[in-house]
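To keep things clear, I will list the structure first and then write my remarks on it.
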Amino acid sequence: MKEDWQRLRLSEVAKVFDGPHATPKTVDSGPIFLGIGALQDGVINLSETRHVTAEDFVQWTRRIKPEPGDVVFSYETRLGQAAIIPQGLECCLGRRMGLVRFTSEAIDPRFFLYQYLSPQYQDFLDSKTIRGATVDRISIKEFPSFSIDVPSLPEQRRIVAILDEVFEGIATAKTNVERNLQSARSIFTNCLDAMLGRSTWGRRTLGELCDSVEYGSSAKSKADDGVPVLRMGNIQDGGIHWDRLVYTDDKDEIEKYLLKRNDVLFNRTNSPELVGKTAVYKGERPAIFAGYLIRINRKEELLDADFLCYFLNSQAAIDYGKKVVISSVNQANINGTKLKSYPIPAPPLAEQLVVVEKLKRISEATRRFEDLCLRKLAALDELKRSLLYQAFNGQLASARQTKTTPQPALQTTTPEFAANVIALAHGRHERQKREKTFGHVKEQKVLHLVESIGKMDLGRRPMRDAAGPNDFQHMLRAEEWAKANGFFEMAKRGEGYEFKKLSAFDERMSSAARALGPYLPQLERVIDLLVPMDKEEAEVFATVHAAWNNLLIDGADVTDTAIVSAAREDWHADKLNISEHKFRSAIELIRQKGLVPDGTAQYVGGQQSLL
């Protein structure tokens with residue numbers, strides 16, 4: 001907090017109210033029933049508004065009737081969400097919603113709203129969160145005792161004016177990017193439907209083009225060890241997502257349901273909007289399939305696997321599925337008999353392969369553009385978060401006051417910059433309560449991927465090491481700088497190392513935030529990729545990415561088998577202690593995240609030993 005700001009309790013300047021503890025019967029028109037789902041990052045979204053009758057509105061506003069300038073917030077489930085009541089909105093509060101009404105004219109409600117949404121206050125709210133068995137919550141009784149940091153009213157208004165102006169521009173930019181993203185997806189869908197809807201092709205039923213359809217295993221699976229059992233959640237975007245897996249070691253089940261390359265899997269039971277999604281198994285690793293999936297045993301001389309998959313995911317197939325689906329409460333089913341009745345275009349196999357190749361090229365181009373749009377959206381969200389951080393760290397004010405004397409940018413190749421990156425990475429692990437996974441291995445993988453994925457030059461010269469791509473001396477120089485400047489040290493603990501904050505940590509972290517500000521989108525994108533991983537997962541992921549990039553630089557054929565060989569057998573003898581399927585899972589994750597190497601990252605050379 002800046003020296004000229006005050007720290008006040010909310011109860012000193014505002015009253016806090018709780019919404020009703022029940023839900024009224026909603027109707028199609030009338031006063032608005034404001035549920036917590038309408039609170040979206042500082043804005044009230046009325047796109048899915050519910051209403052109450054005039055009679056119920058009177059009852060539901062007896063405790064408190066929202067007025068313009070009131071700040072409403074969620075104190076259960078959607079914690080951290082808040083918005084301000086605008087002029088002209090007549091509404092009553094929903095369950096799990098609180099309201100702050102300022103009694104002092106010394107507080108601008110929008111200033112409080114922005115402070116509430118800032119990273120600093122979100123961290124504070126997280127520290128006050130009561131973790132429940134079913135939902136997390138903040139104590140509405142304790143909320144008035146929460147503190148806020150307050151400058152003078154003119155300074156509040158100045159900060160609000162800056163944030164309002166910038167956030168309006170960010171909102172416009174996000175709208176444009178989201179429109180482009182939707183257009184890209186529509187282009188592929190339109191191409192898919194056009195290519196598969198040619199009137200010159202005859203139509204046959206799927207049953208005529210396959211030998212049989214086969215339901216998957218209904219045996220009980222287990223949480224780990226064995227052969228993966230693919231379930232409906234693993235079917236995504238026409239492919240297999242190798243996460244949230246369950247396993248089996250039942251030999252009879254494995255023999256009966258073991259998948260073969262180019263097996264087509266159809267999701268027969270799911271929610272109404274997801275039933276019928278289809279994927280092709282490409283032999284990434286041994287697996288069987290569960291009972292809510294159907295394997296289509298096609299006649300390979302008549303029907304290509306990818307052609308069939310594209311068709312079953314097309315709008316024509318979705319529309320036909322709606323005609324034959326059997327629906328119950330929140331669940332829909334298309335059984336094997338119904339599936340075999342699907343009318344499907346039946347060009348000669350050679351034409352199918354031509355169509356598939358064209359669709360693959362369009363799909364790949366679309367995915368690259370989608371990834372670009374998603375990165376832009378993430379960067380805009382991060383810019384907003386960064387500005388909020390600066391505003392309530394006293395930096396937004398000083399940025400304008402010192403505009404004529406800018407400080408030189410910190411070079412990314414310095415030990416100080418690398419130390420700042422390490423501290424940022426630890427902080428984001430700590431926020432997710434994953435700091436115990438952050439030791440030397442993860443520290444090194446962060447630095448490597450910041451270069452290879454984030455496209456930032458840290459001055460490293462990575463080598464192949466038992467723990468993956470590594471420049472240990474570069475990391476040591478960063479740690480030495482951090483320790484000499486009272487920032488942090490990586491302290492030995494048992495067989496590993498842990499991050500330890502030193503006396504000047506808070507001061508150095510403030511400087512780090514300023515130095516890293518322009519790079520935060522790409523830094524946090526990389527770091528947040530690694531936060532959920534354990535040490536071995538991070539090691540395998542970084543190694544696979546580096547080996548893949550090496551193959552591209554070498555001009556070698558890049559197949560999944562070649563990547564696994566380069567990252568496992570040819571990398572370091574210790575890698576053989578890690579099962580092959582973990583390397584294949586990393587390959588799949590890299591594709592899912594749109595992080596396929598392009599051969600522009602540094603080549604990772606000969607082996608180096610950890611000191």
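The values are calculated or read from the model by the stated rules, or taken from the named source; none is laboratory data. All values reported here derive from a predicted model rather than from experimental measurement. Cβ placement follows ideal geometry from the backbone for every residue including glycine, while neighbour counts extend to all protein chains displayed.
Observations on the structure shown:
- Qualifying residue in segment 584-606 (condition: of a type in the set (V, I, T), surrounded by 16 or more Cβ atoms within 10 Å (Cβ to Cβ), in contact (Cβ under 8 Å) with a residue 60 or more places away in the chain and part of a helix (DSSP H, G or I)): yes
- Output for segment 337-367, where each listed residue is β-branched (V, I, T) and touching a residue at least 60 places away in the same chain (Cβ under 8 Å): I344, V355, I362, T366
Each row is one residue, and each column tells you yes or no for (1) among the aromatic types (F, W, Y); (2) on the phi > 0 side of the Ramachandran plot; (3) free of Cβ contacts under 8 Å to residues at least 12 places away in the same chain; (4) out of contact with any Ser or Thr (no Cβ under 7 Å at 6 or more places or on another chain).
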{"site": "K260", "(1), (2), (3), (4)": "no, no, no, yes"}
{"site": "Y292", "(1), (2), (3), (4)": "yes, no, no, no"}
{"site": "I296", "(1), (2), (3), (4)": "no, no, no, yes"}
{"site": "C309", "(1), (2), (3), (4)": "no, no, no, no"}
{"site": "S328", "(1), (2), (3), (4)": "no, no, yes, yes"}
{"site": "N335", "(1), (2), (3), (4)": "no, no, no, yes"}
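- Once segment 68-110 is narrowed to residues that are out of contact with any strand residue (DSSP E or B) (no Cβ under 7 Å at 6 or more places or on another chain) and of a type in the set (D, E), the residue that is nearest to L34 (Cα to Cα) is D108.
- Filter result (farther than 22 Å from K2 by Cα, part of a helix (DSSP H, G or I) and at pLDDT 95 or above) within segment 96-155: F143, P144
- Some residue of segment 460-472 being more than 20 Å from A547 (Cβ to Cβ) and not β-branched (V, I, T): no
- Some residue of segment 19-39 being surrounded by fewer than 17 Cβ atoms within 10 Å (Cβ to Cβ), in a loop (DSSP other than H, G, I, E, B), among the basic types (K, R) and touching a helix residue (DSSP H, G or I) at 6+ places or on another chain (Cβ under 9 Å): yes
- L529 satisfies every condition listed in (1) among the hydrophobic types (A, V, I, L, M, F, W, C); (2) more than 30 Å from L383 (Cα to Cα); (3) surrounded by fewer than 20 Cβ atoms within 10 Å (Cβ to Cβ) except (2).
- Residue in segment 52-66 that is of a type in the set (F, W, Y) and without any contact (Cβ under 8 Å) to a residue 40 or more places away in the chain present: yes
- Restricting segment 383-420 to residues that are modelled with pLDDT of 85 or more and of a type in the set (G, A, S), the residue that is surrounded by the fewest Cβ atoms within 10 Å (Cβ to Cβ) is A391.
- Considering residues of segment 199-246 that are under 23 Å from P347 (Cβ atoms) and among the acidic types (D, E) only, the residue surrounded by the fewest Cβ atoms within 10 Å (Cβ to Cβ): D211
- A single member of K455, K492, K500, K445 is among the charged types (D, E, K, R), closer than 23 Å to L589 by Cα and not in a helix (DSSP H, G or I), and it is K455.
- Out of A504, A484, A538, sole residue that is buried (at least 18 other Cβ atoms within 10 Å of the Cβ), assigned by TED's automatic domain parsing to the domain that holds K433 and not hydroxyl-bearing (S, T, Y): A538
- Verdict on F438 being more than 22 Å from P532 (Cα to Cα) and either crowded, with 23+ Cβ neighbours inside 10 Å or not assigned by TED's automatic domain parsing to the domain that holds L595 (or both): no
- In segment 465-475 there is no residue that is surrounded by fewer than 16 Cβ atoms within 10 Å (Cβ to Cβ) and not polar (S, T, N, Q).
- Selected residue (only one of L349, L359, L353, L377 is within 24 Å of the chain's Cα centre (by Cα), aliphatic (A, V, I, L, M) and either modelled with pLDDT of 85 or more or not assigned by TED's automatic domain parsing to the domain that holds L293 (or both)): L377
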